[in-house]
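Some notes on the structure that comes next.
The values are calculated or read from the model by the stated rules, or taken from the named source; none is laboratory data. Note that the structure is a prediction, hence the values are computed from the model and not measured. Cβ placement follows ideal geometry from the backbone for every residue including glycine, while neighbour counts extend to all protein chains displayed. Note: areas computed on protein heavy atoms with side chains; ligands, DNA, RNA excluded. Shrake-Rupley method; radii C 1.70, N 1.55, O 1.52, S 1.80 Å.
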Amino acid sequence: MVFSSIIFLCIFLPIMIIGYYILPKKSRNIFLLIGSLFFYAFGEPKYILLMLASIVGNYSLGMLIHSFAVKEADGNKKTSSSKKAALVVTIIYNLGLLIYFKYFMLIMSTVHDLFNENLTIPEIALPIGISFFTFQGMSYVIDVYREDYKLNENGTRTELVQKNPINLALYISMFPQLIAGPIVRYTDIKDYLDNRDESTERFTRGIERFIVGLAKKAILANSIGEVADKIFTADVNYIGTSVAWIGAIFYTLQIYFDFSGYSDMAIGLGKMFGFEFNENFNYPYISKSITEFWRRWHISLSTWFRDYLYIPLGGNRRGNVYFNLFIVFLATGIWHGAAWGYLIWGLWHGLFMLIERYFRKKGINVKIPSFVKWIYSMLVVVLGWVLFKLEDITLAIPYIGMMFHVKPYDYTAFSPRFYLDNKTIFIFAVGVLACLPWGEIITSNSRLAAIKASISADVLCVIKRVLLIILLLICFLFIVNSTYNPFIYFRF
């Protein structure tokens, strides 16, 4: 079940909202949990057992580590090694689930190709959202290991562990962010699980944010993505240089609006039920370096790797910072999928992160115009998305070669105009404009800021809500009339 489907918008979501708010507060977490498990089971009923295994395993290991932490605080130092062992078991347990379901087939096929072994490679279907809920469960137990039962300045102890299994199950399986993130940290929503303010103002902001995300997905990502898919599935030898660039640029926009649209909808849904999720995107396509890009793109994943991999490796304080960054981007590529293209995509970004880090460390500050920096960043990003889209490096290299006219071609089967009708060009232009932070632009421009200030807040509010209603109606028109409705990050 996807957020941009009629069954979700017209049946599941209304039932969840009505049921949630007519129930007493003490029953709302249970209702959300049941709805979330149904949401996950709707597409793949058999994998509800995997979800339950993740919940039970992480809850049990969190409680075990908590018991060791209490004994350690009471002076039993022997439990320190047991506590570490429990943490190791947690990491093995979560990564074991992830490796088996996501990477086992790739490992087996690689062994088969390298050693000519006659292996039977099993067909293992990838459970939707496994990378997201596995990382959430693992981060919870790691945080319990690090912070649980630590002595505060006032002499009290912090109990980070969640003793209520319903609350922990809801944290791991909550349907707004279950399938494609953002990766929600337990420490960020712990208080919301126990007590949250379900105000009209927050609910209204949630609806507004959800509509914006739905528009990104249903109008922009789907329309632009359909063109990108047609180009990427065509014979690369006959598409021509200009069409190859159109495909790469359109996919660059598609994946942003697809993923950020889902994140917006997830954040909006969270607000509707009283939760506040952290932002996952901050206009990444205005970045003037790859370092800045990763501060703006998929923020929940980059901060997860920073806190649970980069810093434990030594970060920039101990060890080899370049090696630490290399490992992080290797892991980033692997996290995205079981294909060599994802790994190479991660290393591609890592390479430029290392180069930029080296220049900063050496104090090399070349005066380059901001526009040139932006061109450099977007070129790296766009070429990276080709690796990401095609997954197979043997397909990606010829495509990139066609983008740069490396190999002469006899003719193009279709001109750019075949793919770009007036409607598509208009939606593309809207998409480009939607990549810009207009709030900051208006604030920084004195004339625009003065025009905005001259309009009363009530009038602005009415205009905004009328536009959102119109936008919602347009979204429904696109959803009803389109058969193309994938979510790219559902695969991860």
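A few remarks follow.
- Criterion violated by residue 379 - all others in (1) within 23 Å of the chain's Cα centre (by Cα); (2) closer than 19 Å to residue 289 by Cα; (3) in contact (Cβ under 8 Å) with a residue 12 or more places away in the chain; (4) open to solvent by 50 Å² or more (accessible area, probe 1.4 Å) satisfied: (3)
- Residues satisfying the stated conditions in region 1-43, i.e. loosely packed, with under 14 Cβ neighbours inside 10 Å and closer than 27 Å to residue 216 by Cα: 6, 7, 10, 11, 14, 15, 18
- Subset of region 40-68 that is part of a helix (DSSP H, G or I) and touching a Pro at 6+ places or on another chain (Cβ under 7 Å) - its residue that is modelled with the lowest pLDDT: 47
- All positions within region 196-207 that are more than 9 Å from residue 272 (Cα to Cα) and either modelled with pLDDT of 95 or more or outside any helix (DSSP H, G or I) (or both): 196, 197
- Positions within region 332-388 being modelled with pLDDT of 90 or more and of a type in the set (D, E, K, R), in sequence order: 356, 357, 373
- Residue-level check: of (1) more than 20 Å from residue 30 (Cα to Cα); (2) open to solvent by 10 Å² or more (accessible area, probe 1.4 Å); (3) outside any helix (DSSP H, G or I), residue 211 misses just (3).
- Among residues that are loosely packed, with under 15 Cβ neighbours inside 10 Å and of a type in the set (Ser, Thr, Tyr), residue 67 is not included.
- A Cβ distance below 7 Å, combined with a sequence gap of six or more or placement on separate chains, defines the contacts here; from region 65-78, residues that are in contact (Cβ under 8 Å) with a residue 60 or more places away in the chain reach residues that are in a helix (DSSP H, G or I) and open to solvent by 40 Å² or more (accessible area, probe 1.4 Å) in the pairs 65/145.
- The number of residues in region 335-363 that are open to solvent by less than 60 Å² (accessible area, probe 1.4 Å) and within 21 Å of the chain's Cα centre (by Cα) comes to 15.
- A single entry from 25, 71 fulfils the requirement of being under 30 Å from residue 268 (Cβ atoms) and either modelled with pLDDT under 95 or not β-branched (Val, Ile, Thr) (or both): 25.
- For residue 367, the conditions (1) assigned to a helix (DSSP H, G or I); (2) open to solvent by 40 Å² or more (accessible area, probe 1.4 Å) are fulfilled apart from (1).
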